[in-house]
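*Asks:* Okay, handing you the structure first.
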Amino acid sequence: MLSITGLSKTYDNGVHALQGVDLSIGKGMFGLLGPNGAGKSSLMRTISTLQSADSGSITFDGIDVFKDPQALRQRLGYLPQDFGVYPRVSAYDLLDHMAVLKGIHNKGERKESVEGLLAHTNLYQHRSKAVSGFSGGMRQRFGIAQALLGDPDLLIVDEPTAGLDPEERNRFHNLLVSLGEQKVVILSTHIVEDVAELCPNMAVLAGGKILLEGNPIALTDKL
Ligand code: ADP
Ligand code: ADP
């Protein structure tokens, strides 16, 4: 369970990106919906320990994220927005390298987890190809594979389906839904349909504040 209380952030340029955000998020897929500039990425980066907040608190399964960011990082998978500049290295080698960075040093363990993740994201048959030549959908699935290294309990996916064709989008959605059976998965997006289709729970963020929270079907009239 992820619990956020009174989270506020004002950037150095005076923008109030988050203004007293309260949210409780359990296992399954949770949609964070909001227009551009709503504060979604600020919130995702703060949960992911990539930036600080001015006030408020975040806990995940009893971990105080601000007091013990390292403990949270060990439980977290993060697919940032615009993840996609890749070197001309094969998918296998890049994921293997990322596994080393993630602290998976045992060779056998790494092989098992890299091969398993490539299979799980439907990329195993492309494992020897350079990620720089992947299609948008393949890159997004590769992004999920890297986010899943170390088997995190909390997965954060920021604006993932921009530019995907319908088939790739469906494939990506199915992958997220299957992950939501085991993990807390937060999908941050401005696309109402994606949240309505995938997420049993959601919140609407605008101007750094939570405007609505609940089941997307129950909220349909208001979206
Ligand atoms: P923090 O206090 O969390 O370190 P900062 O306010 O210092 O956050 O900003 C982090 C970085 O983002 C800075 O290097 C800043 O230049 C950059 N930045 C500034 N304005 C924007 C913007 N509108 N969108 C994205 N990044 C920005
Ligand atoms: P979203 O992800 O919903 O588009 P963001 O969190 O990126 O929203 O941005 C919220 C507001 O904060 C915007 O006005 C944006 O320009 C501003 N902003 C985001 N990051 C920074 C930063 N690092 N420094 C200064 N302003 C920022």
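The values are calculated or read from the model by the stated rules, or taken from the named source; none is laboratory data. Model, not experiment: these values are computed from the prediction. Because the Cβ atoms are built from the backbone with ideal geometry, glycine has one as well, and the counts that use them run over all protein chains shown. Accessible surface is based on the protein model in full, side chains and every heavy atom, while ligands, DNA and RNA are left aside. Shrake-Rupley method; radii C 1.70, N 1.55, O 1.52, S 1.80 Å.
*Asks:* Test Gly116 against the stated conditions and say whether it is surrounded by fewer than 17 Cβ atoms within 10 Å (Cβ to Cβ), of a type outside the set (Val, Ile, Thr) and not in a helix (DSSP H, G or I).
*Replies:* Numbers: surrounded by fewer than 17 Cβ atoms within 10 Å (Cβ to Cβ): yes; of a type outside the set (Val, Ile, Thr): yes; not in a helix (DSSP H, G or I): no.
Taking the combined requirement at face value, the residue does not satisfy it.
*Asks:* Now for a separate question. Would you pick out the residues in segment 147-156 that are open to solvent by 30 Å² or more (accessible area, probe 1.4 Å) and within 17 Å of Glu115 (Cα to Cα)? Break it down stepwise before answering.
*Replies:* Residues of segment 147-156 that are open to solvent by 30 Å² or more (accessible area, probe 1.4 Å), as a first pass: 150-151, 153.
Residues satisfying the conditions are Gly150, Asp151.
*Asks:* If you don't mind, there's one more thing I want to ask. Do we have any residue at all in segment 68-75 that's farther than 22 Å from Leu179 by Cα, within 16 Å of ligand 1 (Cβ to nearest atom) and part of a strand (DSSP E or B)?
*Replies:* So in segment 68-75, the residues farther than 22 Å from Leu179 by Cα come out as 68-70.
Filter again for within 16 Å of ligand 1 (Cβ to nearest atom), leaving 69.
Checking which are part of a strand (DSSP E or B) leaves us with none.
No: zero hits.
*Asks:* Could you go through segment 7-22 and let me know if any residue there is within 14 Å of ligand 1 (Cβ to nearest atom) and within 18 Å of Ile186 (Cα to Cα).
*Replies:* yes
Residues checked against (1) touching a Phe, Trp or Tyr at 6+ places or on another chain (Cβ under 7 Å); (2) β-branched (Val, Ile, Thr); (3) more than 16 Å from ligand 2 (Cβ to nearest atom):
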{"position": "Leu18", "(1), (2), (3)": "no, no, no"}
{"position": "Asp22", "(1), (2), (3)": "no, no, yes"}
{"position": "Gly39", "(1), (2), (3)": "no, no, no"}
{"position": "Ser42", "(1), (2), (3)": "no, no, no"}
{"position": "Arg75", "(1), (2), (3)": "yes, no, yes"}
{"position": "Ser90", "(1), (2), (3)": "no, no, yes"}
{"position": "His97", "(1), (2), (3)": "no, no, yes"}
{"position": "Gly103", "(1), (2), (3)": "no, no, yes"}
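*Asks:* Mind checking which strands (runs of 3 or more DSSP E) fall wholly inside segment 149-211 and carry at least 2 residues that are touching a Leu at 6+ places or on another chain (Cβ under 6 Å) and within 20 Å of Leu50 (Cα to Cα)?
*Replies:* Working: elements: 154-158, 184-189, 201-206.
Ranges flagged: 154-158, 184-189.
*Asks:* Let me ask something else. Just wondering, is there one or more residues in segment 35-52 that are of a type outside the set (A, V, I, L, M, F, W, C) and assigned to a strand (DSSP E or B)?
*Replies:* Checking segment 35-52: not a single residue is of a type outside the set (A, V, I, L, M, F, W, C) and assigned to a strand (DSSP E or B).
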